[in-house]
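Undergrad: Encoded as structure tokens, here's the structure I'll be asking about.
The values are calculated or read from the model by the stated rules, or taken from the named source; none is laboratory data. Note that the coordinates shown come from a computational prediction; the quantities given were computed from them, not determined experimentally. Note: ideal-geometry Cβ built from the backbone for every residue, glycine included; neighbour counts use all protein chains shown. The accessibility values were calculated without ligands, DNA or RNA, using every heavy atom of the protein model including side chains. Shrake-Rupley method; radii C 1.70, N 1.55, O 1.52, S 1.80 Å.
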Amino acid sequence: MRNSSKGSLFIVSAPSGAGKTTLCKELCSKIPNLKHSVSYTTRKPRQGEVNGRDYTFVDEAEFQRMIDRGEFAEWAVVHGNFYGTSRKRLDEMLQRGIDVILDIDVQGAKKIKEVYGDAVCIFIMPPSMDVLKERLKNRKTDPDEVIKSRLDHAIEEIREYKWYNYVIVNNVFEEALRELEAVVTARRLCVDKIDPLWVEKNFLIQGDG
Ligand code: 5GP
């Protein structure tokens, strides 16, 4: 194996409705050895969401117990609900050499970056604010006041784009996906990800011939 044993961490943030979750899921099904880390949330499941696949859905009391036990690598309140990344789930995957993609908000991204300094941070922009507004309305899963709060929050999040390593505009889905894939590929080719023993064995030890 050319890559060192520990997995790489990718953090993807975007305003809600920018299509980040679909992008991340598609990317994970396309690229081998890349997995999405399933977060915990106190939000109620939306139609079609599956417990343990999209999120692990818990109540506030359980979430609070997990905070108290220090089980989260980061947690945040987003649109009035709690969301958190399990430290154990994340570390286990990275230790097993799996590359992990975290689909989390800006606050969470900053907290993770403090602990996992070499994480690659990617910000997804919607095609335009008008499109974002339409997408949020068409989802029909959230009441009007939630849509309004998501839009206000979107602007606050977009202000933070400079803090990320890469910016991708999700205008044409296939293009955005290709760009996201390129970021993952580039990270995998970084010199600090290459296993020195692999170089030694394959290129530096002279054979008999
Ligand atoms: P949604 O409820 O639409 O699935 O997600 C709302 C927001 O919460 C999104 O910006 C999503 O990225 C973020 N989010 C999902 N999981 C986590 C998490 O574990 N930690 C943090 N900080 N944000 C999360």
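Undergrad: Taking the DSSP beta bridges in segment 1-109 as the whole, what percent of them are antiparallel, to the nearest 5?
TA: Bridges in segment 1-109 are about 40 percent antiparallel.
Undergrad: Ok, one more. For the chain, rounded, prolate or oblate, judged on the Cα gyration tensor with a ≥ b ≥ c (square roots of eigenvalues), a/c < 1.5 rounded, else prolate if a/b > b/c?
TA: prolate
Undergrad: Give the calculated FRET efficiency between Lys201 and Glu114 to the nearest 0.05, with a Förster radius of 30 Å applied to their Cβ-Cβ distance.
TA: So, using R0 = 30 Å, E works out to roughly 0.25.
Undergrad: Local charge sum around Lys6 (other residues, Cβ-Cβ under 11 Å, Lys/Arg +1, Asp/Glu -1)? Intermediate values should be presented prior to the final figure.
TA: On the way: positive: Arg96, Lys193; negative: Asp91, Asp99, Asp118, Asp192, Asp195.
In short, -3.
Undergrad: Next question, about the same structure. When Lys and Arg each count +1 and Asp and Glu each count -1, what net charge do the other residues less than 11 Å away from Met125, Cβ to Cβ, add up to? Kindly include the intermediate steps, with their values, before the conclusion.
TA: Working: positive: Lys20; negative: Glu157.
In short, 0.
Undergrad: If amide H atoms are built 1.01 Å from N in the plane of the peptide, which residues on other chains or at least 5 residues away come under 5 Å of the amide H of His36?
TA: Ile101
Undergrad: At 1.4 Å probe size, with every protein chain present, just tell me what the per residue accessible area of segment 111-209 comes to in Å².
TA: 66 Å²
Undergrad: Here's another thing I want to ask about it. Taking Cα pairs under 8 Å and at least six residues apart, what relative contact order does the chain come out at, in percent?
TA: Over the chain, the number comes to 33 percent.
Undergrad: Which shape class applies to segment 61-133: rounded if a/c is under 1.5, otherwise prolate when a/b exceeds b/c and oblate if not, where a ≥ b ≥ c are the square roots of the Cα gyration tensor eigenvalues?
TA: In terms of gyration-tensor shape, oblate.
Undergrad: Something else now. Using only Cα atoms and rounding to the nearest 10 degrees, what angle (0 to 90) does helix 129-139 make with the longest principal axis of the chain?
TA: Between helix and principal axis, roughly 70 degrees.
Undergrad: Sticking with this structure for a sec: Please list 3J(HN,Hα) in residue order for segment 191-203, calculated via the Karplus relation 6.51 cos²θ - 1.76 cosθ + 1.60 where θ = phi - 60°; whole Hz, with x for glycine and proline.
TA: Along segment 191-203, the couplings run 4, 6, 9, 7, 6, x, 5, 5, 5, 4, 5, 8, 10 Hz.
Undergrad: Also: Tell me which residues come under 5 Å, amide H to amide H, from Val169 once H is placed; ignore anything under 5 positions away on its chain.
TA: Met125
Undergrad: How do the peptides 29-37, 189-197, 118-126, 84-92 rank, highest first, by the average count of neighbouring beta carbon atoms within 10 Å per residue?
TA: 118-126, 84-92, 29-37, 189-197
Undergrad: Right, another one. In deg cm²/dmol, rounded to 500, what helix-only [θ] at 222 nm does the chain give when every DSSP H run of at least 4 residues adds -39500 (n - 2.57) and the total is split over its residues?
TA: -12000 deg cm²/dmol
Undergrad: Moving on to the next point. Would you please name the trypsin sites (Lys or Arg not before Pro) within segment 97-150 that are DSSP coil residues with at most 16 other C-beta atoms within 10 Å of their C-beta?
TA: The qualifying sites are Lys140.
Undergrad: What does the charge count around Gln95 come to, taking other residues whose C-beta lies under 14 Å from its C-beta (Lys +1, Arg +1, Asp -1, Glu -1)?
TA: +3
Undergrad: Still on this structure, I have one more. Could you calculate the FRET efficiency of Ile31 with Val167 from 1/(1 + (r/R0)^6), where r is the beta carbon distance between them and R0 is 25 Å, rounded to 0.05?
TA: 0.80
Undergrad: Counting only heavy atoms of the protein chains, get the accessible area per residue of segment 1-97 (1.4 Å probe) and round it to a whole Å² value.
TA: Values: 4870 Å² over 97 residues.
Using a 1.4 Å probe on heavy atoms only, each residue of segment 1-97 averages 50 Å².
Undergrad: Cβ neighbours within 10 Å, averaged per peptide: list 12-20, 41-49, 171-179 in order, most packed at the top.
TA: 12-20, 171-179, 41-49
Undergrad: Taking H placed 1.01 Å from N in the peptide plane, check which residues at least 5 places from Ile11 or on another chain put their amide H under 5 Å from its amide H.
TA: So Ile11 has HN proximity to Leu102, Val120, Cys121, Ile122.
Undergrad: In whole Å, what is the distance between the alpha-carbon centres of segment 112-154 and segment 16-38?
TA: Measuring centre to centre over Cα atoms gives 15 Å.
Undergrad: Now, a different point. Evaluate E = 1/(1 + (r/R0)^6) for Arg2 and Ile155, where r is the Cβ-Cβ distance and R0 equals 25 Å; express this FRET efficiency to the nearest 0.05.
TA: The pair Arg2/Ile155 has a calculated efficiency of 0.05.
Undergrad: If you roll a 1.4 Å probe over segment 55-209 with all protein chains in place, what percent of the accessible area is carbon or sulfur?
TA: 52 percent
Undergrad: Between rounded, prolate and oblate, where does segment 1-108 land on the alpha carbon gyration tensor, with a ≥ b ≥ c its root eigenvalues, rounded for a/c under 1.5, else prolate if a/b exceeds b/c?
TA: Oblate shape, in that a/c is at least 1.5 and b/c is the bigger or equal ratio.
Undergrad: Using DSSP, restrict attention to beta bridges with both residues in the chain and report what percent are antiparallel, rounded to the nearest 5.
TA: Around 30 percent antiparallel, to the nearest 5.
Undergrad: Now a separate question. Using θ = phi - 60° and the Karplus relation 6.51 cos²θ - 1.76 cosθ + 1.60, list the HN-Hα couplings for segment 114-126 in order, rounded to whole Hz, with x at every Gly or Pro.
TA: Each residue's phi maps through the Karplus curve to give 5, 8, 10, x, 9, 5, 9, 10, 10, 10, 9, 9, x Hz.
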